[in-house]
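K.L.:
The structure's right below; bear with me while I get my questions together.
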Amino acid sequence: MASTTTRLLSWKEFEQLPESDWMRQELHHGELFEMPPPVHRHKNIERRLRRSIEHVGSDFGVVETEVGFRPFLGNEYWIADVALVSHERWNATPPDGHIIGAPELVIEVLSPSNTRKKMADRRKICLENGCREFWIIDPKKREVAVSTPDGRTITYKPGQQIPLFLADASNIAVDAIFE
C-alpha cells in the first residue's frame, strides 16, 4: 500500500527529499506517494511489454521500465511502469533533468496501490499532456485497456491483438503479456 504525506510539497521540496533505498517516490498534485517495489509478477509483465514494444518500436523511440516524468510543470513527478518516449524527446531531456510532458505511450500495470480514481486521474492527465496511448494492464482479468486522447478506450482480452501506433501492421498479443 502506498503511503502519502500529510501536507502538500512543492516541486523544489520534492527535489530535496533524500532518495529512498527501496520505496518509489512520486509527487501527485503536491502530495508525496511512497510505494514499495513491484512484486515479481508485475516486473515480469513490465519486462515482456518492454521487449515486445522494443522489438517493433526501436525506430520510433526509447522503451523503458520505471520511467520518471513530469506530466506538466508544477508539483508533479510520476513514474510509468513502462513508457515509450520518442528519440527526439528522449535526447532533448537534460542529463540532470526529467522528461517534461507525458511519454507518447504510458503503460500502468495494476497493483494494490492503484485505485480506480488514481488511474482515471493518471490517464486523463497523461492524455492531455502528450500521451498518444495510455494502457492499463489488469493481471487478474488478463485484460489491457487502451485509451486515446479522443476519449476512446478499447479493452483487449485473451486471444486478441493490440495494434501498436508506432509501427504499421505491428501488434502485441494479449496472451504474450501474461505468459
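We did not get these values from a lab; they are worked out from the coordinates using the rules stated. Worth saying up front: this structure is predicted, and the values here are computed from it rather than measured. Because the Cβ atoms are built from the backbone with ideal geometry, glycine has one as well, and the counts that use them run over all protein chains shown.
K.L.:
Mind pulling the angle between the C-alpha long axis of helix 116-128 and the longest principal axis of the chain? Nearest 10 degrees, somewhere in 0 to 90.
P.N.:
For helix 116-128, the angle is close to 80 degrees.
K.L.:
Pick from 92, 80, 145 the residue whose mean-square fluctuation is largest in a GNM of the chain, springs joining Cα atoms under 10 Å.
P.N.:
Top of the fluctuation ranking is 92.
K.L.:
If exposed means no more than 13 neighbouring beta carbons inside 10 Å and the site is in a DSSP loop, what's the longest run of the chain without any exposed trypsin sites (Lys or Arg not before Pro)?
P.N.:
On the way: sites that count: 7, 140, 141, 152.
Within the chain, the longest run free of exposed trypsin sites (Lys or Arg not before Pro) spans 8-139.
K.L.:
May I ask you to derive the FRET efficiency for residue 150 and residue 40 from their Cβ-Cβ distance with R0 = 41 Å, giving the value to the nearest 0.05? Mind dumping the intermediate values first?
P.N.:
On the way: r = 36 Å, r/R0 = 0.87.
The value I calculate is 0.70.
K.L.:
Sequence-distant or interchain residues sharing an amide H contact under 5 Å with residue 142, placed H: which?
P.N.:
So residue 142 has HN proximity to no qualifying residue.
K.L.:
Exceeding 31 Å between C-alpha atoms, which entries from my cross-link table qualify? They are 124/157; 12/141; 12/157.
P.N.:
Numbers: 124/157 23 Å; 12/141 40 Å; 12/157 42 Å.
Table pairs above 31 Å Cα-Cα are 12/141; 12/157.
K.L.:
May I ask for the angle, rounded to the nearest 10°, between helix 40-57 and the longest principal axis of the chain, with both axes built from Cα atoms and the value confined to 0 to 90°?
P.N.:
It is inclined by approximately 60 degrees.
K.L.:
Right, something else. What aspartates and glutamates sit close enough to residue 118 to cross-link, taking a C-alpha to C-alpha distance under 13 Å and skipping anything fewer than 8 places away on the same chain?
P.N.:
26, 31, 108
K.L.:
Still on this structure: Would you compute, from DSSP H runs of 4+ residues alone, the mean residue ellipticity of the chain at 222 nm, taking -39500 (n - 2.57) per run and dividing by the full residue count, rounded to the nearest 500? Numbers along the way, then the final one.
P.N.:
On the way: 5 runs with 47 residues, N = 179.
It comes out at -7500 deg cm²/dmol, rounded to the nearest 500.
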